[in-house]
Amino acid sequence: MSTKNIMITGVGGQGTLLAVRILAHIVQEMGYDVKVSEVHGMSQRGGSVVTYLKYGDKVYSPIIGLGEADTILSFEKLEALRCLPYLREGGEIIVNDQEIDPMPVITGAMEYPSDIENTLRAHAKVRLVKALELANEAGNSRTANVVLLGAMAAAGNIPKENWIDALKSTVPAKFLDVNLKAFELGFASGQ
Amino acid sequence: MKKLMLGNEAVARGAYEAGVRLISSYPGTPSTEITESAVQYPEIYCEWAPNEKVAAEAAIGASMAGGRAMSCCKHVGLNVMADPVFTVSYIGVNGGLVFAVADDPGMHSSQNEQDSRHYAEAAKIMMLEPSDSGECKEFTRRAFELSEQFDTPVFLRLSTRVSHSQSTVELQERSGDEIKEYTKNIPKNVMMPAMAIKRHVVVEERMKALSAFAETTDLNVVEDHGAKIGVITSGISYMYAKEALGDRVNYLKLGMAYPMPAEKIRDFAAKCERVVVIEELDPVIETFVKALGIPVTGKEAFTLLGEYTPAMILKAVMNEDSAPHYVQESPIPNRPPVLCPGCPHRATFYVLKKLGLTVSGDIGCYTLGAAAPLQSVDSTICMGASVSAAHGMAKIRGKEFNKKLVSVIGDSTFIHSGITGLIDIVYNKGANTVIILDNSITGMTGHQDNPATGKTIYGEETKAVDLVLLAKAVGIERVVVCDPFDVKRFEEVVREETEADEPSVIIAQRPCALLKYVKYEGRCKVNEETCRKCKMCMRIGCPAITWKDGAVKIDTSLCNGCGLCMNICPFGAIEKEA
Ligand SMILES: Cc1ncc(C[n+]2csc(CCOP(=O)(O)OP(=O)(O)O)c2C)c(N)n1
């Protein structure tokens, strides 16, 4: 299989790393060669964070270039727009319907773009997910990342059981139920 | 068994398999997870040292005593450990000794972009450079064997994309952990001129042996695809090149970055029509190859700056463009890192800015006090420099300037290298004010304990450095502990201490908002009736406070309820949610 490129983006602190680890677990279990490039340190402090996940028969570079991502999973709208140049033609974006103002917007130096959704739709297949709302419905706002994974599962062709198994082996037991619920809500919203 | 691992986790695994007994390190992105991950192996004693020099010396002592030992740091950490490292090159080892150093091309989390390969040449120490997690593990294991075989410390050079990428690792058993005999050996272990003169001869002999080894070792791999172009590369650049160019070129992959194999390079080049060197940062390989009289394409086709990408390599080597892609139609706001909601440093900088002080800054989360809207910090050089540089500033600009000058330094950074600057101030009759931002943790690098937190790397209780007594012991008579969230009192304290004609230390004490035990009740919200829209609360740069549709709004998904905005609102218009 040729390499599949997935880009996961969001704001430092949103829990993108956990989502990536779950995803990596799944594709590795499926027997693919996997590479994941994570971000640690300074940029985790509320900055833009981008993580790459690539899998296939043989993966060399852990990073994804412009126009190469098959799928972008974005935890925040502006970050989805920021990553749009990385999407390949015909690629898909799963994006959380959440807006977090970055500091240049808070200080008034710039405005938060108002037409992100339209721009995304003009260049990609887009699934907009109300992840925070659904996470609250599941019982814990911190499961928004798993809601998004649910939506991504619905969009892709990896069997649902593989996702559930991965959740079971990566999420601590006491948070498993709420995460499974979050996953199902995300899955339903993505269909 | 196969496992997906971060490069750093794989280095720890390699150390485990190599029978390592001790790892002493100081945290630093992107190297931190090596030591954190090694904690899972009970056979390895791990510790956070106060700084890299101490860490390296602990590892050197362990090696001398007969155990395999390692010390890990980021590139700038190597500057701090350089002194013992240069001399242990002369001494050599008893148990294998490895220094793992992680560079940060692109400066994801660093104050400069130095290339640590220069140290290998300068200190005459062999250097290995893995390209993925599998090699991280394997090369670490090999490094310990080579260290003992050649009686030399070995550098393991990593970079952000190797350290922080996950790929597959094949796990093996642990071996080689027997502790070697310790015998007193003055000519080898006591470096004073008479002995060092002789040891230098040994080092030069060793360099010859290592250069010969480089010619034959399987760490340096030739991939001959019968192509016209030959690429010489190492580390992560090999992976980028392989992705971009596939089998269209021949490769000489240098797993041993220093010393390099002259003959092997000559042979490789002789079979190619054109040789290209692909390496991030400085032209280290390029310079070596050119000195052999071999014409190469190098930095003129690439750059000295930042990280490389496969697309960049495809363009530079083949003049081919990569995939078409969307280009932003108009500039979009960037999202720089910020102090977290609830960060105690925010309150400190709010006060320092209000008082219009010159702030000699340091390295840690609080470096973000230089970012808008607080923009309070004047300078940042390296760890510890906030204190000593302020001393120099005060000596040049005099007493009045000093009354408007403070140093800010985190607890971990103060222990690392701030204390010596403080001694400089006292000893040389300065009158500086130093603010220790004591958030009870090493925040920036992801929450490591340090000598001031009272916990070891294992989370066990230990003696904590008493910062008050420490400051007093070096001769500071004015030491004040104050909570920066008590904004009024903190402001008074800063005024008084900067006014004083003696040196003083203010310990701004409040734990990091991300520590598990830190919990604030309720979330903050704006009372729309009493809010006068003065936007005072927006001046503290809290990411949860925004201006939406003509009103101040607090995003409850971000707010952690710290209440700093409530403390500074002049109209009492911010309250806790019911
Ligand atoms: C010589 C050196 N070693 C390590 C680092 C990585 N580093 C940057 S800041 C920091 C410590 C931050 O802790 P602290 O001073 O307690 O401040 P905080 O981030 O908690 O506010 C470290 C280890 C560095 N920049 N330079």
Can you say whether B:His325 is out of contact with any Ser or Thr (no Cβ under 9 Å at 6 or more places or on another chain) and more than 29 Å from B:Pro27 (Cβ to Cβ), as far as the supplied structure shows? yes
Look through the range B:439-459, keep the residues that are more than 8 Å from the ligand (Cβ to nearest atom) and more than 15 Å from B:Ala49 (Cα to Cα), and return whichever of them is nearest to the chain's Cα centre (by Cα). B:Gly446
Which strands (runs of 3 or more DSSP E) sit wholly inside the range A:27-85 and have at least 2 residues that are at the interface with chain B (Cβ under 7 Å from one of its Cβ atoms)? A:33-37
Residues that are over 22 Å from B:Pro153 (Cα atoms) and within 14 Å of chain A (Cβ to nearest Cβ): which helices (runs of 4 or more DSSP H) entirely in the range B:185-266 hold 1 or more of them? B:235-245
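A quick yes/no check of all residues on (1) surrounded by fewer than 24 Cβ atoms within 10 Å (Cβ to Cβ); (2) at pLDDT below 95:
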residue: A:Thr143; (1), (2): no, yes
residue: A:Ala151; (1), (2): no, no
residue: A:Ala155; (1), (2): yes, yes
residue: A:Lys174; (1), (2): yes, yes
residue: A:Phe183; (1), (2): no, no
residue: A:Phe187; (1), (2): yes, no
residue: A:Gln191; (1), (2): yes, yes
Output for the range A:3-15, where each listed residue is modelled with pLDDT under 90 and more than 9 Å from chain B (Cβ to nearest Cβ): A:Gln14, A:Gly15
B:Tyr16 vs. criteria open to solvent by 20 Å² or more (accessible area, probe 1.4 Å), away from the ligand (no atom under 16 Å from the Cβ) and in contact with a helix residue (DSSP H, G or I) (Cβ under 8 Å, 6 or more places away or on another chain): yes
Boolean, B:Asn567 is touching a residue at least 60 places away in the same chain (Cβ under 8 Å) and part of a loop (DSSP other than H, G, I, E, B): no
Within the range B:294-316, restricting attention to residues that are at the interface with another protein chain (Cβ under 10 Å from one of its Cβ atoms) and hydroxyl-bearing (Ser, Thr, Tyr), which residue is surrounded by the fewest Cβ atoms within 10 Å (Cβ to Cβ)? B:Thr309
Just give me the residues in the range B:545-563 being away from chain A (no Cβ under 11 Å) and in contact with a Lys or Arg (Cβ under 6 Å, 6 or more places away or on another chain), in sequence order. B:Ile554, B:Cys559, B:Gly561
Residue check: is B:Ala143 within 23 Å of B:Ser37 (Cα to Cα), within 16 Å of the ligand (Cβ to nearest atom), in contact (Cβ under 8 Å) with a residue 24 or more places away in the chain and not in a loop (DSSP other than H, G, I, E, B)? no
Collect the residues in the range B:161-175 that are crowded, with 24+ Cβ neighbours inside 10 Å and in contact with a strand residue (DSSP E or B) (Cβ under 7 Å, 6 or more places away or on another chain), keeping them in residue-number order. B:Arg161, B:Ser163, B:His164, B:Ser165, B:Gln166, B:Ser167, B:Val169
Check the range B:126-134 and report whether any residue there is open to solvent by 40 Å² or more (accessible area, probe 1.4 Å) and either touching an Asp or Glu at 6+ places or on another chain (Cβ under 7 Å) or not aliphatic (A, V, I, L, M) (or both). no
Any idea which residue in the range B:338-358 is farthest from B:Cys565 (Cα to Cα), counting only those that are more than 14 Å from every other protein chain (Cβ to nearest Cβ) and away from the ligand (no atom under 14 Å from the Cβ)? B:Thr358
Residues B:Ile457, B:Ile506, B:Ile476: which one is part of a strand (DSSP E or B) and in contact with a strand residue (DSSP E or B) (Cβ under 7 Å, 6 or more places away or on another chain)? B:Ile506
Hey, among the residues in the range B:81-118 that are within 14 Å of the ligand (Cβ to nearest atom) and in a helix (DSSP H, G or I), which one's farthest from the other protein chains (Cβ to nearest Cβ)? B:Asp83
Do we find that B:Ala102 is farther than 28 Å from A:Tyr55 by Cβ, buried (at least 21 other Cβ atoms within 10 Å of the Cβ) and among the hydrophobic types (A, V, I, L, M, F, W, C) in this structure? no
I'd like the full set of residues that are surrounded by fewer than 18 Cβ atoms within 10 Å (Cβ to Cβ) and either at pLDDT 95 or above or outside any loop (DSSP other than H, G, I, E, B) (or both), limited to the range B:539-562. B:Arg539, B:Trp547, B:Lys548, B:Ala551, B:Lys553
Suppose the filter is in contact (Cβ under 8 Å) with a residue 60 or more places away in the chain and within 10 Å of the ligand (Cβ to nearest atom); does B:Gly410 pass it? no
Go through B:Ser31, B:Ser37, B:Ser71 for me and flag whichever is more than 14 Å from every other protein chain (Cβ to nearest Cβ) and either of a type in the set (S, T, N, Q) or touching a Leu at 6+ places or on another chain (Cβ under 9 Å) (or both). B:Ser71
Please verify whether the range B:504-514 includes one or more residues that are farther than 27 Å from B:Gly392 by Cα, away from chain A (no Cβ under 14 Å) and in contact (Cβ under 8 Å) with a residue 40 or more places away in the chain. yes
How many residues are more than 9 Å from every other protein chain (Cβ to nearest Cβ) and surrounded by fewer than 23 Cβ atoms within 10 Å (Cβ to Cβ) if we restrict to the range A:86-98? 4
Would you confirm, using the coordinates I've provided, whether A:Ile106 is in contact with a Lys or Arg (Cβ under 8 Å, 6 or more places away or on another chain) and open to solvent by less than 60 Å² (accessible area, probe 1.4 Å)? no
Collect the residues in the range A:57-69 that are in contact (Cβ under 8 Å) with a residue 24 or more places away in the chain, more than 21 Å from B:Ser237 (Cβ to Cβ) and open to solvent by less than 20 Å² (accessible area, probe 1.4 Å), keeping them in residue-number order. A:Ala69
With the first residue restricted to the range B:467-479 and required to be not assigned by TED's automatic domain parsing to the domain that holds B:Thr420, and the second required to be among the aliphatic types (A, V, I, L, M) and open to solvent by less than 40 Å² (accessible area, probe 1.4 Å), Cβ contacts under 9 Å at 6 or more apart or on different chains are none
Going residue by residue through the range B:241-260, is there one that turns out to be open to solvent by 40 Å² or more (accessible area, probe 1.4 Å), farther than 30 Å from B:Ser165 by Cβ and touching a residue at least 12 places away in the same chain (Cβ under 8 Å)? no
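The values are calculated or read from the model by the stated rules, or taken from the named source; none is laboratory data. Since the model is a prediction, treat every value here as computed from it, not as a measurement. Every residue, glycine as well, gets a Cβ built from its backbone with ideal geometry; the counts of neighbours run over all protein chains shown. Areas reflect the complete protein model, heavy atoms only, side chains present, ligands, DNA and RNA absent. Shrake-Rupley method; radii C 1.70, N 1.55, O 1.52, S 1.80 Å.
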